[in-house]
Amino acid sequence: MFTTEYSIWFLPLCLVIALLYAAVLYYKADKPELSLWIKRIAFLARTLTIFILLFLLLNPLIKTIRKEKEKPILVLGIDNSESLRLCKDSAFYATEFQEQMNESVKRLKKDYRVDTYIIGDSIKTGMEMDFKDKETNLSAFFEFIKAKYINRNVGAVILISDGIFNAGQNPLYVAGELKYPIYTLALGDTNKRKDVFIAKINHNKTVYKNNFFPIEVLVKANKLLNQKAVLQVKKDDNVVFEKQISITNNEYSEWIRMSFQAKESGLHRYHVLISPVEDELTTMNNTSDVFVEVIDKREKIAIIYHAPHPDVSAIIQSLKISDMYEIESFPVDKFNKPVNEYDILILHQLPSKSNPAKTLTDDIRKIGIPVLYILGKQSHLALLNSMNIGLQISITREMYNDAYALYNSNFSIFSVSATLQQILGDLPPIQVPFGAYYPANSSHILMYQKIGNVATTYPLMLFNQQLDHKTAVFIGEGLWRWRNYNYLYAGNHESFDEMVSKTMQYLSVKEDKSFFRIGSKNVFNENDNILFDAEFYNRNYELINDPEVNLVISDKKKQYTYVFSRMVKSYHLDAGRLPVGDYHWKATLTHGGEKYQKTGYFSVKEIQIETINLVADHQLLSNLSSNSQAEMFYPTQWNELEKTIKNNDEIKTIVHYNPKHTSLLNIFILSLGIFFLLGTEWILRKWSGTY
């Protein structure tokens, strides 16, 4: 089957032109030297040549249908977390079970495409288990499948796990969005065994110098009735707290509270340990470290609002978890203090339609105090447009959209955790003004608005700095729903609190006037890569990265030497993972004969979350399977699992018919045909003596 780029009705015209051209050449001109049969053959050759050339000008295309078979895909996810190394069947899982799994995968590959992944700190391709990953994020595995295998012939998911998850969302919610069966193979032990452990520690991450701060430790014990243990807290190898614990039942649980004074500024480690008990399952969960940063000065924040609102309450609750902030809140008509008493202002729906707050906004302009503006239905947008906040909003009538958050992957003024990035797309919608949005060129957009399924370039939250005045703008109402959603799906408010705290940190940080600047965290988890960013400015305060930046990281035993990589105009260093411990660092560079140096410290924290809960959750695995019309199996049932998959008529090869268009201009044999016709005509005329 063929078609042409231009109308097929041009074909008769091509034939007429070819016939006329050949007729004029051979019949109108008197050529007695050509015999009749030669003239006819030459006429035919010239007609075909001209017709083919004209036909090719129409760009004819040959359409072919290619039949392709796509095998069903089985996505196999294998739990590689540390909890499986601590269960009673760990030796079996490391040897015989892996052999059985490899053999089963080989058999399945005869009829299916089998993609295998390791689940733990991250999702990795492969199937070699060492049970060393420090976290289990099952929801991330299902999110990965949903994104990677869109519009693919996925027959089923096979999840091999103990059902224990300690990172991300509840996997049941994410798995419910998949449209194929999830077969589970249940590992681990559902029985509780003798163990005393530190289940949870509550503490403030930052405290104000000379203040007292609490630490709360949840001690649990299983099947250790009438046993005794000792809880200690150490700082700099000195015991600062000790308590003897009497275990009064076989499912013992007790919160132990203590208080300490923050006497010195800096980062402080508190080592919490509980003495081991004879015959307990493991002692890896008997210790934990707490890091507390002591600061000299608290940021004073005033929250000023048009009217009481649940969004205001959500912000206040988030700020109160940190000792870094001293918070006061006022209705706008009761606020009569000088704004220069505060480090940051949060204005909720101000200026408003009923209260322009002129004195307040004039003082903000004069002093240049950092402000977080939270917009809502009572916000006076025309006044806000005149205040140089980094955004203009143009509306023709008062209407509102439901906007979902869409994270901007190019946002760079501060880091955003992977957990917060992931949860942003799932949060409830925010009510935003319907109109056109014009962010300033100096603005940095953290998240965009997604209206329904349409991603827009309208900002939902942005940050701006003009001269020394910093602003942040959140557009819309519904922040309280975000905080509730965070708790509903993660059991905590950490992602919401991160968004609020990093906004406050951005607004509170004073402009660094030094030429050499280093950015990094003070605390890393042991499964984190140690990351540094650096900037260097010349005497004209132009950002450059010509000189080499060196970094030395040291602890009591060893030194590690690195060289920063150059980015566009800055520097970046990924130092990889380091052992648990306390470290100092020194960054140096030389430019124009002058040496520059920055120093700091950080700690690498041990992750013991996998050792806290060692009781397998087979009910979760069963729910994952039953909710997707699949089944749960056990390690000895590989054959049954294979048979069930093969007997599932929904898991089948699908056929794709892919059309392909090939231009005749690209067919070499057609060119040879044209040369053959021209050659034939030339030979006949040469032979007849007309050339």
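Any read-out appearing in this document is the output of simple, stated calculations on the displayed coordinates, not a laboratory observation. Given the structure is predicted, the values throughout are model-derived calculations rather than measurements. For neighbour counting, all protein chains shown are included, and Cβ atoms are generated from backbone atoms with ideal geometry for every residue, glycine included.
Tabulated data
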{"quantity": "Sparse-neighbour loop sites [trypsin sites (Lys or Arg not before Pro); the stretch 133-187; at most 10 other C-beta within 10 Å; DSSP]", "calculated": "Lys179"}
{"quantity": "DSSP bridge orientation in the chain - percent antiparallel, rounded to nearest 5", "calculated": "70 percent"}
{"quantity": "Mean-position separation - Cα centroids, the stretch 108-152 and the stretch 62-86, in angstrom", "calculated": "9 Å"}
{"quantity": "C-alpha long axis of helix 494-508 to longest principal axis of the chain, angle in °", "calculated": "80 degrees"}
{"quantity": "Positive dipole terminus of the stretch 449-603, leading residue within Ile553, Ala534, His572 (C-beta point charges)", "calculated": "Ile553"}
{"quantity": "Footprinting exposure proxy for Trp9, Trp255, Trp638 (fewest neighbouring C-beta atoms within 10 Å first)", "calculated": "Trp9, Trp255, Trp638"}
{"quantity": "Charge dipole magnitude, Cβ of K and R +1, D and E -1 - the chain, Cα centre, debye nearest 20", "calculated": "2420 debye"}
{"quantity": "Computed over the chain: relative contact order in percent, which uses C-alpha pairs under 8 Å that are six or more apart", "calculated": "16 percent"}
{"quantity": "Nearest-ten-degree value, helix 96-108 long axis tilted from longest Cα axis of the chain", "calculated": "20 degrees"}
{"quantity": "Debye intensity ratio in log₁₀ form over the Cα atoms of the stretch 575-675, taken at each q of 0.11, 0.15, 0.18, 0.21 Å⁻¹", "calculated": "-0.76, -0.93, -1.09, -1.14"}
{"quantity": "Neighbour-limited loop hits for chymotrypsin sites (Phe, Trp or Tyr not before Pro), the stretch 508-569 (at most 10 other Cβ within 10 Å; DSSP other than H, G, I, E, B)", "calculated": "Tyr541"}
{"quantity": "Burial ordering of Asp343, Asp311, Asp582, fewest other beta-carbon atoms within 10 Å first", "calculated": "Asp582, Asp343, Asp311"}
{"quantity": "Only Lys, Arg (+1) and Asp, Glu (-1) charged, at Cβ; the stretch 139-204 dipole about Cα centre in debye", "calculated": "20 debye"}
{"quantity": "For the stretch 516-605, Kirkwood radius (reciprocal of mean inverse C-alpha pair distance, Å)", "calculated": "13.6 Å"}
{"quantity": "Where labels lie 7 Å past Cα in the beta-carbon direction, separation of Tyr601 and Asn540 in nm", "calculated": "4.1 nm"}
{"quantity": "Ratio of the Cα radius of gyration of the stretch 84-242 to 2.2 N^0.38 Å, where N counts its residues", "calculated": "1.40"}
{"quantity": "Among Ser501, Gly478, Ala490 the positive-end extreme of the charge dipole of the stretch 466-548 (Cβ point charges)", "calculated": "Gly478"}
{"quantity": "Inter-label distance, nm, simple model (7 Å from Cα along the C-beta direction), Met399/Glu326", "calculated": "4.8 nm"}
{"quantity": "Angle in degrees between helix 358-367 and the longest Cα principal axis of the chain, rounded to the nearest 10", "calculated": "90 degrees"}
{"quantity": "Residue among Val114, Met127, Ser139 farthest towards the positive dipole end of the stretch 39-197, charges placed on Cβ", "calculated": "Val114"}
{"quantity": "FRET E, pair Ile667, Ala147, Förster distance 41 Å, beta-carbon r, rounded to 0.05", "calculated": "0.50"}
{"quantity": "Kirkwood hydrodynamic radius of the stretch 195-295, Cα pairs, Å", "calculated": "14.1 Å"}
{"quantity": "Space enclosed by the convex hull of the alpha-carbon atoms of the stretch 301-508, per residue, Å³", "calculated": "115 Å³"}
{"quantity": "Compactness of the stretch 47-144 as Cα Rg over 2.2 N^0.38 Å, two decimals", "calculated": "2.03"}
{"quantity": "Alpha-carbon gyration tensor eigenvalues x 5, square-rooted, for the chain, Å", "calculated": "64, 41, 27"}
{"quantity": "Ranked Lys220, Lys646, Lys263, Lys557, criterion: other C-beta atoms within 10 Å, fewest first", "calculated": "Lys557, Lys263, Lys646, Lys220"}
{"quantity": "Average Cα contact separation per residue, the stretch 201-326, under 8 Å, 6 or more apart, as relative contact order %", "calculated": "30 percent"}
{"quantity": "Burial ranking of peptide ranges 171-178, 283-290 (average Cβ count within 10 Å, highest at the top)", "calculated": "283-290, 171-178"}
